[in-house]
Each structure stands twice: as C-alpha cells, then as structure tokens.
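Shown next, in structure tokens, is the structure this report addresses.
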Amino acid sequence: MTKPVTLATPIEELVREFPESVGFLTRYGIRCLRCGEPFWCTLGELLEAEGISEPEKLLASLNAFLAEPKNA
Amino acid sequence: MREKAMKSLLEKLELKSKNIGACAGPDAWYEDPKGQELVSFNPTTGEPIATVIQATASTYDRVMNEAGAAFLRWRMVPAPKRGLVIRDLGQVLREVKEPLGELVSLEMGKIKVEGWGEVQEMIDICDFAVGLSRQLYGLTMHSERPAHRMYEQWHPLGVVGVITAFNFPVAVWSWNAAIASVCGDPVVWKPSSDTPLTAIAVQHIANRVMADHGLKGIFCLTIGSGATIGERMINDSRLPLISFTGSTRMGRRVAEVVARRFGRTILELGGNNAIIVTEDADLDMAVRAILFGAVGTAGQRCTSTRRIFMHKAIAAKLTQGLIKAYQQVRIGDPLDDRTLMGPLVTKAAVEDMMAALEKAKEQGGTILYGGKRLPELGEQFVQPTLVKMPAQTEIVHQETFAPILYLMEYEDLDEAIRLHNEVPQGLSSAMFTTDLRQAEKFLSAEGSDCGIANINIGTSGAEIGGAFGGEKETGGGRESGSDAWKQYMRRQTNTINWSRELPLAQGIKFGDG
C-alpha cells in the first residue's frame, strides 16, 4: 500500500487505488459503487451519510485490512 | 488485442498515447498544466491503453464560455438546418462504426457485437433527430377573445450538461447530444472516468462534423472526476439542464443541487429489473431472453435482468434451462468473435459483485451456478451467477452492477406483481406469458410500476424510438425518443391580438367606463 486512506480520500480515488476496499466496506453495509460508478463524495462524507458513529475506528480497520500482505 | 492492432485502432480514431480532456470544437483542445493525468485501463488485460490530461476549473470555464457563445448563434439557426449537422454526424458514425464499437469493447469490456450495436444506436438516434428537426411542434389553442390567436412554441433552452456512466460510453451521449442539438442547445459532456478514450474519440468525430459546418462549441467535452468537474457542472447556472446517468445516491445529489438553482434534470438512475415467467410461458424464449438480459454486457446495463419470478409449476424446468444456458456462455476477450461475456469494468466492480454474493448467501441464497472469479482469464473476469433466493431479501432489493441473477418462485400473479414492485427502483420489467389476461394485467395500472414494461421481450435492449427511463428511485427522467425532446426546450405561450379592441380574459372590465 502506497499511502494510507484517510477520511478525506475521495471515493473515486479509493475504488481506483484500493478496489479491495469495496468488499471490506460492504461488510459494514457501506457500498461505494452503484451502477458501477463510484460516489463523488469523500470516505468521511459517505460514512457520515451511512450513519457510522465511529468513522475513525472503521478507517483504522480499513487501513489495517489494506495493509495485509494479500491486499497490499 | 495485440499492441499493434490496438495502436492501429487508436490511430483510426485520432487517439494518441496522451490526450487532452477538455475540448470545445475543432482546434479548441484546452490543456492546463495543472490537469491531472487519468490512465485508461483495458479491463481484459489490466494494462494501460492511453492517458488523458483531465480538465481543470480553468479549462472547464473556457469550454463553458465557448458553449455559451455558441448557444447565442445556434439558437437562431433554423431547426431543420441544425438537423443537417446531425445528419452528417450520423454519416460519419456510419463510417467509423467498426473502430468506434471496438474501442468501446476495448475500454469497457462489452463484447464486440454489443460495441457495434451501441454505435448503431448512435446512428439511429441521429436519424431520429434529423426527422425531429422538422417536427418540434407546438399546439395552437382557440382564444376566448375575438380576433385573438393563441399558440405555443418551443425555443432552445441553453447549454445542456450531460454526465454519463461507463456502461454505455457513447450511446447515452448521442441520445442527449443529437436531440439537444436539433433543439438548439449545445452540449457539454462529462463522461465516466472509466471510459475517457471513447469520449475523446467521439469528440474527434464531432469536431470533424463541426469543422465541415464552420461550427464551434456545439459539442464540448470536459473529462474529470465527479468531485471536481461533476460538482462544478451541477452547480453551474449556465447549464439550465443536467442530464445525469448514474446511481440513485448521486442522482439525489444532482437533483437537489440543480433544483436549488431552479435548473432542470433528466435522471436515469438505478434499475433492479425483473421478469415474471408465468405457468404457460414459452420457456425456450424466456431462457434466451433472460440469458441476454442477465449476462449481456456482463450484467452491467441499467436494464440488465436481476430478478426472476417463476411460477411454481415451471420453476424447476426454467431453472434447469437457465443452468444449461449459463454453462454454455463463453467468457473471454470481448474482441474475440466467440465470446459472449467479457470482463467487468474495474477491479472494484468485481469486489462489489463478490461482496453482494456473500450477502446473498448470508440471507439464505443458494448459488446454483457460477459465483467465482476467473483469475486464469484475468483479474476482472467472473462467472455469471444464478442464485436461488428463498425470499426477496435486502440484498435483492439492491442493484448490484454485475451478472448476478436472483431466482424466486411465486404461486399467484398478484403476489408476483407485488414482489416485482416491492423494490425501490422502477426502470424496466417484463413478463413471459401466452395468457392475454395476465399480460394485460401486467401492463395495466395495477401491474408493473416501471417506466418500461414488455411482454415476451426481455428487460434490456430498448429501441431509440421510445422514451427511455424509469420511475421511483430510477429518477423519472425520459431520454431518447417519443417526446423526450421537450425537456431540451422551453415552452412559450403566445397570444396575438389582431383586433382594434383590448378585451381582457375572463370578461374582466377594467377602467372601460
């Protein structure tokens, strides 16, 4: 993984740079793609819209997931 | 596609290894050194095809200024003369149908015949628009006042913003651009970031036609992300109409922002299209239609078939027929003549599909066929998948843009129609039946709640002559044929008094003594 994902990372960039994020976030009921197209917002905005109460915690889990050897 | 063949294809369409993503006509390609590079990848191999320097705020404004200036001239060109430009656009598209269709396949992964079909759709809408250019009819009304004439006429609206998705990277532009331009409106286009090269190829074609007619600014392009160019467009009051194709979530955002400035929108959003197969249906026909609807374009059409409601009496036979048909789907390079299904558009799309299948299993679904990645073909290849669901669960209510087909059984038609209409989306629908009563019920006011409802035809593959679009979370917009053109124009009601009196409407006497 080149750089960690932040809450300011645009979803368009997230799905392009880290496609594995899509499956990870779906487990939490958060979908980044619809009609095959990514949302225009940032990750933080998406988590807020989905009512995630502790976005920093989920972000840390996402970065840990992306740092796993099979995803990195 | 081998490198040499790919290079030759790109050359035929005037594409280079590095391209500029902002254009307002012939010799009006605008590059900003601050523009970020976007790489377009071949979904079949994962290798880069070429790059695009994306538009910036500055180049976007230059394009908008040209389009705005073009509108002032274009609106006064008689509509049938505008139609001649679209006639020529259709002619050039006929000439480049093969390479442009192949570029569509190369860049987004649909099979070659579908790529060519998409260009044919462009040609068809140009033909339609040429005829339309002589038929932008308004009504005449009888005035209640003597010696008065009342009528309505349709005037050009302004510059139209068109935001399209990857799955129909050229056809949806043409639905909008051909109709808008005969209506007197220039078009500024933001294509999907997954298919920038097809957009640039189309811009070169449009430039050729504009050059032949001494025009500039009628067909314009701004390639960039949604967060930069997309947001700029929807907030731009110089665009009185935004035609948006994409997700319901983004459509809601577009609708809110554009409505705040009293602009208009045409929204073509998510679909979750179903087919009801009744007990007396022609099952051979149904299997063929379902296969095309669910597997065509790798399940990445807005109108792809995603749900099947099978009458209990034929469920086993239909399921077996589908499994057999799915086993015969040849998956591979979309440019290979023998291929029926190519890759998904991105790696993220593959992840999205796999995550949806996990959810389906958690919710009681059983995979009857498929469900796996095909890494031996490439990272973005998957098996088309049949999932038997015990009920219409939460994941079935969601649109997953992938070749997943959920199979469910029903016992009576009312139940099937209720389940059919239960999802939030309302784009396309179909019934396979030989029973006239069931067919008519499905098409009646108590039947399908979708914008498109077919009998003995699948959910996808619409013709350009009808209005295309759907209800509920699909957004309510209508594009392409029928009277969709009216959205690209403003209606003006005119009353002319040719008498020597000044009678008021409703018989009001005001200061007449």
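The long axis of helix B:312-327 is offset from the longest Cα principal axis of chain B by roughly 90 degrees.
A dipole drawn for the range B:1-142 from +1 and -1 charges on Cβ atoms has a positive end, and of B:Q36, B:P80, B:G46 the residue lying farthest that way is B:P80. At q = 0.14, 0.22 Å⁻¹, what is the log10 ratio I(q)/I(0) for the range B:1-42, with the Debye formula run over Cα points and no solvent? Treating every Cα as an identical point scatterer, log10 I(q)/I(0) equals -0.42, -0.87. Relative to the Cα centre, the charge distribution of chain B, modelled as +1 at Lys and Arg Cβ and -1 at Asp and Glu Cβ, gives a dipole magnitude of about 1300 debye.
Taking every DSSP beta bridge that has both ends in the protein assembly as shown, the antiparallel portion is near 40%.
Summing charges over neighbours of A:L66, with a neighbour being any other residue whose Cβ is under 11 Å away from its Cβ, gives -1 when K and R count +1 and D and E count -1.
Considering only B:T493, B:F432, B:S444, and ranking their Cα positions along the charge dipole of the range B:425-494 that arises from unit charges at the beta-carbon of Lys, Arg, Asp and Glu, the one farthest toward the positive end is B:T493. Relative to the current alpha-carbon distance between B:R491 and B:T45, full extension at 0.36 nm per residue lengthens the span by 155.6 nm.
Length gained on full extension, B:R330 to B:H397, computed as 0.36 nm times the residue gap minus the Cα-Cα distance: 21.2 nm.
Close lysine pairs were tallied over the range B:348-492: pairs 8 or more places apart or on different chains with Cα atoms under 17 Å apart number 5. Computed from Cα positions, the angle between helix B:79-95 and the longest principal axis of chain B comes to roughly 30 degrees. A straight line joining the Cα centroids of the range A:6-72 and the range B:259-312 runs 28 Å. As a calculated quantity, the FRET efficiency between A:A8 and B:Q506 at R0 = 45 Å, using C-beta atoms, amounts to about 0.15.
Exposure proxy for B:Y406, B:Y488, B:Y151: other Cβ atoms within 10 Å of each Cβ, ordered fewest to most, give B:Y151, B:Y406, B:Y488. Annotation note: trypsin sites (Lys or Arg not before Pro) in chain A located in DSSP loop regions with a Cβ neighbour count of at most 16 within 10 Å are A:R27, A:K70.
Taking all C-alpha pairs of the protein assembly as shown, those more than 43 Å from each other amount to 22 percent. Apply the Debye scattering formula to chain B, with a single equal point scatterer on each alpha-carbon and no solvent, then give log10 I(q)/I(0) at q = 0.06, 0.08 Å⁻¹. Values returned for q = 0.06, 0.08 Å⁻¹ are -0.31, -0.53. Express as a percent, rounded to the nearest 5, the fraction of DSSP beta bridges in chain B (both residues included) that run antiparallel. Here the share of antiparallel DSSP bridges comes out near 40 percent.
Under 5 Å between amide hydrogens, built in the peptide plane, is the criterion, and for B:F219 it picks out B:V187 among residues at least 5 positions away or on other chains.
Around the amide H of B:I276, modelled in the peptide plane, lie the amide H atoms of B:F309, B:A430, B:M431, B:F432, all under 5 Å away and 5 or more residues distant in sequence or on another chain. Residues of the range B:327-358 with amide nitrogen under 12 Å from the 7 Å Cα-to-Cβ point of B:L374? Answer for the range B:327-358: B:327-336, B:338-344. Ellipticity at 222 nm from helices only: DSSP H runs of n ≥ 4 in chain B, each -39500 (n - 2.57), divided by the residue count, give -11500 deg cm²/dmol.
In terms of overall dimensions, the C-alpha atoms belonging to the range B:448-493 reach 42, 23, 14 Å along their principal axes, ordered largest to smallest.
Readers should treat all values here as calculations from the given coordinates under stated rules, not as data from a laboratory. Note that this is a predicted model, so its numbers are computed, not measured. Don't worry about glycine lacking a Cβ; one is built from the backbone with ideal geometry, like all the others, and counts go over all protein chains shown.
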